[in-house]
Amino acid sequence: MPKPRATPPTKEPPQNGTTSSPLLLNPVLAEQGAYPLLRLDERRRELEERGIELFDFGTGDPREPTDAKIRQALTDGVPKVSRYPSTPGKRELREAFCGWMRRRHGVALDPEGEVLPATGSKEAIFHAPLAFVHHSHERRGVAYGTPGYPVYERGALFAGGEALPVGLGEENGFLLPAEAVDAEKTRILWINYPHNPTGATATYGYLERVAQFCQEHDVLLFSDECYNDLYSGEPPPSILEITTVRTLAFCSLSKRSGMTGYRSAMMAGDPELIAALKKLRPSIGVATQSFVQDAATAAWSDDVHVEGRRRAFGEKRRLFTEFFARAGLEHLPTDASFYLWVAVPEAFSGDDEAYALRLMEEGIIVAPGRSFGAGGEGYVRVALVPGVEECRRAVGLWEALVR
Ligand SMILES: Cc1ncc(COP(=O)(O)O)c(C=O)c1O
């Protein structure tokens, strides 16, 4: 006999959709402040509502159109019947990436065991520590440079790791000093050159020293190479030119090919690390859509469209650096990435927020250095995202302010 149904509770339901107990959050989430770039976006929206014309150098999302071949590959790839994509993705995509790695960096990789696609490098960076770090580990530190991209820290903390920021500064050209890394505690070291937010670039010799440090101390070396294909002078090296041992490079199509909205990147390097990620990632649900994989295959297979992007960023960089020289505004010299890291003029006593606000009144949006973490104070970051003509007009406005 089935048991009779229990009578429904007579207690009054909570009023206005509220419950009696406070919502318990993951402490990492609860302690997290507003995402720095989001705060800036909010400000921008307020100004937009007032109808002020804005030149947005705040967010690193360029406007140059995605190459027609890539867009075509995406639309051609939309299938009649949609199936779940797999974690390793299509072999053609992995082969196309390996082709680029060989052409660009002279590194031969095995498309089966040494590369794995990601749905943009942000999620790859965030999730990677989950495969290698646990709160029960004695050695669970994740080291990264500050100022820097905030996701290294977030990924470390959500994985139960210990965040170990390492201060970057002008004295070492914003190159992370390996000797400042606490090797006893560190399991993973993140580096990112060309660097967001400063545009600093690493030499081959620097990468060799970092790789040697990591191998001596059994630290996994993760190199975020998101901006590696955007340069005007010498092509920046990849860490994989030096070693693949206990090392991964995170390569993205977002900036190289103007595909921020597609979400496509690649992880490459040590087959043992790739195998661990292959095991982790099906639990997360981050396999890339098949049609995005087709677009990505077209993008990694072609270098011509990237030359056009390099020229555009080079011209914008030149416009600004010539203006900075005329105006006596100090900035970190760089010919890679699309960022310029500008010291706040003395009149603002190093207050980057005040300077960013002042520029905003002129319609120029830049990111205050502090929004990239400790050590960013006293600088603003100019992301060369608007078109060349808009850059010219913004330079005119900024120059009038300086005068
Ligand atoms: C340093 C750095 N790494 C990674 C990313 C993430 O790029 P995506 O997820 O678009 O590949 C960004 C985005 O701005 C970045 O600046």
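The values are calculated or read from the model by the stated rules, or taken from the named source; none is laboratory data. Owing to the predicted nature of the structure, the values given are computational and were not obtained by experimental measurement. With ideal geometry, Cβ positions are generated from the backbone for all residues, glycine too; neighbour counts draw on all protein chains shown. The accessibility values were calculated without ligands, DNA or RNA, using every heavy atom of the protein model including side chains. Shrake-Rupley method; radii C 1.70, N 1.55, O 1.52, S 1.80 Å.
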For the chain, what does -39500 (n - 2.57) per DSSP helix run (n ≥ 4), summed and divided by total residues, give at 222 nm, in deg cm²/dmol to the nearest 500? -11500 deg cm²/dmol
Under unit Cβ charges (Lys, Arg +1; Asp, Glu -1), what dipole magnitude, rounded to 20 debye, does the chain have relative to its Cα centre? 1580
Percent of all Cα-Cα pairs per 5 Å bin for segment 274-353, counting from 0 up to the last occupied bin, reads 3, 11, 13, 12, 12, 10, 10, 11, 10, 7, 2
If each of Val304 and Glu49 carries a label point 7 Å out from its Cα toward its Cβ, how far apart are those two points in nm? 4.7
Pick out, from Leu220, Pro88, Ser238, the residue whose Cα sits farthest towards the positive end of the charge dipole of the chain, with +1 on the Cβ of Lys and Arg and -1 on the Cβ of Asp and Glu. Pro88
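What does the charge add up to near Ala178, with Lys and Arg as +1, Asp and Glu as -1, over the other residues with Cβ less than 12 Å from its Cβ?
On the way: positive: Arg209; negative: Glu179, Asp182, Glu208, Glu216.
Once all neighbours under 12 Å are counted, the net charge is -3.
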Please report the relative contact order for the chain, taking Cα pairs under 8 Å with a sequence separation of at least 6, and give it as a percent rounded to a whole number. 23
P(r) for the chain, please, calculated from all Cα pair distances in 10 Å bins and given in %. 5, 21, 29, 25, 13, 5, 2, 1, 0, 0
At 1.4 Å probe size, with the rest of the protein present, what percent of the exposed accessible area of the chain is carbon and sulfur atoms? 52
What spacing in nm lies between the two simple spin-label points modelled at Val245 and Glu315, each 7 Å away from Cα in the Cβ direction? 4.7
Distance cut-off 29 Å, Cα to Cα: go down the list Lys122/Lys316; Lys278/Lys316; Lys69/Lys279; Lys90/Lys316; Lys69/Lys122 and report the pairs above it. Lys278/Lys316; Lys69/Lys279; Lys90/Lys316
Please give the per residue accessible area of the chain, computed with a probe of 1.4 Å over protein heavy atoms only, in Å². 48
Under 5 Å, built H, 5+ apart or other chain: amide partners of Gly145: Val166
Calculated P(r) tail over 33 Å for segment 80-302, as whole % of Cα pairs: 10
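What does the charge count near Pro236 come to, summing +1 for each Lys or Arg and -1 for each Asp or Glu among other residues with Cβ under 13 Å from its Cβ? Please report the intermediate quantities before stating the final value.
Values: positive: Arg104, Lys255, Arg256, Arg310; negative: Asp224, Glu225, Asp229, Glu234, Glu241, Asp335.
Summing Lys/Arg as +1 and Asp/Glu as -1 gives -2.
Local charge sum around Glu330 (other residues, Cβ-Cβ under 11 Å, Lys/Arg +1, Asp/Glu -1)?
Details: positive: none; negative: Glu170, Glu346.
After counting each charged neighbour, the total is -2.
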